[in-house]
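All remarks here apply to the structure that follows.
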Amino acid sequence: MKKPTKLCWFRQDLRLKDNLALNAAASDSCFLPIYILDEVNPEKFKLGRASRIWLHYSLEQLNKELDGNLLLFKGDPELILAEIAKKLDISEVYWNRCYEPWRIARDSRIKEKLIDTGIKVRSYNGALLWEPWEIAKADGTPYRVFTPFYRKGCLSASLPRKPIARPKNFNFINNTDLTSANLPSCNLKNLELLPDLDWDKKIIDNWDIGEIAAERRLQVFLNDGINDYKDGRNFPSKTNVSRLSAYLHWGEISPNTIWHAVQESFKTDKIKPELHDKSKDTFLSEIGWREFSHSLLYHFPSLPTKNLQSKFDRFPWQENRKDLEAWQSGSTGYPIVDAGMRELWQTGYMHNRVRMIVGSFLVKNLLIHWHQGESWFWDTLVDADLANNSASWQWIAGCGADAAPYFRIFNPITQGKRFDPDGDYTREYIPELSALSDKYLFAPWEAPDNILEQAGIELGKHYPKPICDLKLSRERALKAFSQLKVNP
């Protein structure tokens, strides 16, 4: 009986289309598709709760696409892969690369040990348009500012490769060989990805998960969202954002698929050329920011834990558990901030404009360390990505590469009025304010008593009073930031 010779290790690439490792593994012999939940090597970067929920349902969908042939494991991949290779006489192992520092270190060890035992190992870029080491300045150093990284680096580099089709046929190892090998595999429930509370039901109600859902989501965006993306993306109640971030993070769709689908859609679209170019360019630049974040993480592996600008190591962050919990629970008394934090808890997602607003409020109005925001997002976002999360929080805090100016402090009242002018988004997540007029929606404490009474609102009872004064907290933040400037 012919034994399998190839193994495909799924990781952040939970798809069949445009999967280079899968395509190679399934090309000319029977193979074994596996997924390993590694909770040994990540240490402080173990999956957050929302990520675990998404992963559970994504693996469920991937297994269906593989006709029930995906084997699941839990433990140290170094030991698990060695045992599988020995018991099944594996001669080749394939995977798509991941770029978190701990994964790079782990995968390097695994590759070296497999090769030492005579096993061929092949890895591919299935997660990025360009490898992090490919985009560099003329002197070979990495970019630290996004615009030149994207405009001079990415757009002058070779075009992203076109996506490949899913393999036409799969020749899986037969069950007899698997049974006799007695592998330490487990079922999906044994991975224990779902939380004890019913939080997963709230999140799942807001999403379709898996590769088919990702492709459907892309088509909806191309049909209905991208034409006014440049301006519409700033309004959380509009449908102009792609909502593809989680699918990209889990590899249910590749960036190459998205890049070329966007390019093709604009070739046949009949919208005005000026809107056409601005929308396409703006959206693709957001894919470019994802590339930039991964480049930063690759070249500066301490990005998740250390300020890129070391002067921020002496910034006077405040320890205030009460304010942090109010922020986390959407109880700050500032409606647009609270709407964003409640959207996050209820859906595992937050609109990008609102992410900037809530981030600015935490680190600048409350002076709470960006680590706290990064940690909460890591736990509650279904698209929690180490590179994006770290780079974005450092950008908001002003301590990272291409950081926001220290004096840029988002005013949650003006931001709410400007980007949620009809209050649709805010009222959706803060129904207790739904009867309040637009005039006072974003500053309910300014409403006269009779207006609050008519709306059935008692501040401090139905909705919290503000936990800080915007003017005073802004002045405090500017003073703290200016001290860094005076004492470099």
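Could you list, in sequence order, the residues of segment 1-30 that are touching a Phe, Trp or Tyr at 6+ places or on another chain (Cβ under 7 Å) and under 24 Å from GLU215 (Cβ atoms)? Before the answer, list the steps.
As a first pass, look at segment 1-30 and keep what is touching a Phe, Trp or Tyr at 6+ places or on another chain (Cβ under 7 Å): 4, 6-12, 14, 20-21, 24-26, 30.
Passing the criteria: CYS8, TRP9, PHE10, ARG11, GLN12, LEU14, LEU20, ALA21, ALA24, ALA25, ALA26.
Among the listed residues LYS322, LYS311, LYS280, LYS306, which satisfies the condition of being of a type in the set (Lys, Arg) and assigned to a loop (DSSP other than H, G, I, E, B)?
LYS306
Out of ALA480, ALA455, report the one residue that is within 19 Å of TRP317 (Cβ to Cβ), touching a Pro at 6+ places or on another chain (Cβ under 9 Å) and outside the structural domain of ASP231 (by TED's automatic domain parsing). Before the answer, list the steps.
Working: ALA455 fails: within 19 Å of TRP317 (Cβ to Cβ).
That would be ALA480, the only listed residue that is within 19 Å of TRP317 (Cβ to Cβ), touching a Pro at 6+ places or on another chain (Cβ under 9 Å) and outside the structural domain of ASP231 (by TED's automatic domain parsing).
Just to check your reading of the model, which residue among ASP107, ASP198 is over 20 Å from ALA26 (Cβ atoms), modelled with pLDDT under 95 and of a type in the set (D, E, K, R)? Steps first, please.
Working: ASP107 fails: modelled with pLDDT under 95.
The conditions single out ASP198.
Just wondering, is there one or more residues in segment 15-28 that are modelled with pLDDT under 95 and of a type outside the set (A, V, I, L, M, F, W, C)?
So far as segment 15-28 goes, yes, one or more of its residues are modelled with pLDDT under 95 and of a type outside the set (A, V, I, L, M, F, W, C).
Taking segment 380-390 on its own, how many of its residues are within 16 Å of HIS369 (Cβ to Cβ) and small (Gly, Ala, Ser)? Before the answer, list the steps.
The initial filter retains those residues of segment 380-390 that are within 16 Å of HIS369 (Cβ to Cβ), namely 389-390.
Then drop every residue that is not small (Gly, Ala, Ser), which leaves 390.
Result for segment 380-390: 1.
Touching a Lys or Arg at 6+ places or on another chain (Cβ under 6 Å), modelled with pLDDT of 95 or more, assigned by TED's automatic domain parsing to the domain that holds LEU441 and closer than 25 Å to ARG233 by Cβ - does that describe any residue in segment 367-377? So that I can check it myself, show each step before the final result.
Going residue by residue through segment 367-377, those that are touching a Lys or Arg at 6+ places or on another chain (Cβ under 6 Å) are none.
Looking for residues that are touching a Lys or Arg at 6+ places or on another chain (Cβ under 6 Å), modelled with pLDDT of 95 or more, assigned by TED's automatic domain parsing to the domain that holds LEU441 and closer than 25 Å to ARG233 by Cβ, one finds none in segment 367-377, hence no.
The values are calculated or read from the model by the stated rules, or taken from the named source; none is laboratory data. Here the structure is a predicted model, which is why all the values come from computation and not from measurement. Note that each Cβ is placed from the backbone with ideal geometry, even for glycine, and that neighbours are counted across all protein chains shown.
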